[in-house]
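Working notes for the structure below.
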Amino acid sequence: MKRFLSIVGGVVLVLLLVGAGFIGYAAYQGQGLDASSKAYVEENVPAIISTWSKDELLKRSSLELLKVANENPEQLDQLFQKLSKLGAMRSFGDVKGDSNVSYTTQNGKVTTASYGATAKFENGEGRITARLIQSNGQWQFLLFYVDSPLFLQ
C-alpha cells in the first residue's frame, strides 16, 4: 500500500509541477503579447483617426475584416464620412486592454487582443474600440469601432 501511495503522490507532484510551469510560461508569454498589441494600437490607431482614412484602416486589416469591408464598400465610405464629422484629432491616449490566446480544434492557436482608448477631436470626444488578431506574428485589426456623443445629435 505504501508503494501505491508513493507512486500516486509522485504522479500528483509531477502534474502540479507541469501545471505550474505551464501557468508561468503562459503569464510570461502573455506579458509580451500585451505589450506588443498595446504598442500596435498606440502606433496604428492615430494613423487612421488623424485623417479619418479608410485606406489606412484597410492596409492594417485582417483577412476577416477585409472580407466584410469588401462585401459592401459603400458602407465603409459612409462610415468614414460620418466619423470625419469629429474633425481633426487633438489627442489620443489612455489605451487599456489585453491579449488572449485560445486553442480550438478548428483554428488551432488563435491570438487576439481587445483595447479601448479615448481621443479628443476638433468637434468632440470619442471612444475607440479595437480588436486585433495576430497572423504570422503580425497584429492586424479584426474590428475597429468609434463611438462619440456627437453621433447622438
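Observations on the structure shown:
- The residues of the stretch 23-153 expose, per residue, 61 Å² of accessible area to a 1.4 Å probe.
- Accessible surface of the stretch 62-120 [probe 1.4 Å, protein heavy atoms]: carbon and sulfur percent: 49
- Sparse-neighbourhood loop sites, GluC sites (Glu not before Pro) in the stretch 52-135 - DSSP loop, at most 15 other Cβ within 10 angstrom: GLU122
- SER62 - accessible surface, heavy atoms, 1.4 Å probe, Å² rounded to 10: 0
- Loop-located trypsin sites (Lys or Arg not before Pro) in the stretch 110-152 (DSSP state not H, G, I, E or B) with no more than 16 neighbouring Cβ atoms inside 10 Å do not occur.
The values are calculated or read from the model by the stated rules, or taken from the named source; none is laboratory data. Note that the coordinates shown come from a computational prediction; the quantities given were computed from them, not determined experimentally. All Cβ positions, glycine included, derive from the backbone under ideal geometry; neighbour counts span all protein chains shown. To get the accessible areas, we keep the full protein, side chains included, count just its heavy atoms, and leave off ligands, DNA and RNA. Shrake-Rupley method; radii C 1.70, N 1.55, O 1.52, S 1.80 Å.
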